[in-house]
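Every number here is computed from the coordinates shown, using simple stated rules; none is lab data. All values reported here derive from a predicted model rather than from experimental measurement. Cβ placement follows ideal geometry from the backbone for every residue including glycine, while neighbour counts extend to all protein chains displayed.
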Amino acid sequence: MVLSLAQTQAISDLGRHLYDYLPGSSAWRGTYTFAHAAADCGVGGLWVGGSKLPALTTLLEETLARKPDAFCPLVERIVSNGIKYRAKKGTPLTRSDIEVLNELVRKVGFKIPALWDPAFLASLPEAKTESPGASPESKGNAAAASEAELQAGGGPHGDASHLSFL
């Protein structure tokens, strides 16, 4: 099967997205890698090893071209083991990660029902978004502003008539 240009682009994007789901290789026995996922789905010979991103992109592209029936099981296996791997690393897969993945898989021309399951999606944590007030830098700016306000006679006990609020 020859891939369309749109599929080639989608596979490239998918490879970048899946990059952090699993390690490419590991010296530790028992660590599940992309090579294991490929072998478990009957496409182990398509994992070329070497540099992780090109190897992953090649795996996805060759699986789609040579064994399209193994493509969705491969992605699902990567996600299933990626959930465990990322949780162990302290960077769990989020609902947003899977929603992006679903869109990329759709662009390739597939839909994996298990990854669209509402109960599965609801079980995933939401992506952490850091509010501007939560960053150390802005906390420092807020502290400096409070200190300046107190020195100028404003603040909780002084005259605040010189302050303007947006």
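Let me know the shape class of the range 1-111, please: from the alpha-carbon gyration tensor, a ≥ b ≥ c as square roots of the eigenvalues, rounded when a/c is under 1.5, otherwise prolate if a/b is greater than b/c, or oblate. Don't jump to the answer; show the numbers that get you there.
Details: a/c = 1.82, a/b = 1.24, b/c = 1.47.
Oblate, since a/c reaches 1.5 and b/c is not below a/b.
Estimate the FRET efficiency between residue 120 and residue 67 by the formula 1/(1 + (r/R0)^6), using the beta-carbon distance for r and 25 Å for R0, to the nearest 0.05. Mind showing how you got there, number by number?
Details: r = 25 Å, r/R0 = 1.01.
The calculated FRET efficiency here is 0.50.
Over 28 Å between Cα atoms, which of 67/88; 67/89; 52/88 qualify? Can you show the working numbers first?
Values: 67/88 31 Å; 67/89 32 Å; 52/88 20 Å.
Long pairs (Cα-Cα over 28 Å): 67/88; 67/89.
Using a 7 Å offset from the Cα along the Cα-to-Cβ direction at both residue 3 and residue 16, what is the distance between the two label points in nm, to one decimal?
Spacing of the two 7 Å Cα→Cβ label points: 1.4 nm.
Only Cα pairs under 8 Å and at least 6 apart count here; give the relative contact order of the range 5-123 as a rounded whole percent.
Values: 127 pairs, mean separation 34.5, N = 119.
29 percent.
Suppose R0 equals 35 Å. What FRET efficiency, 1/(1 + (r/R0)^6) with r the Cβ-Cβ distance, do residue 39 and residue 128 give to the nearest 0.05?
Calculated value: 0.55.
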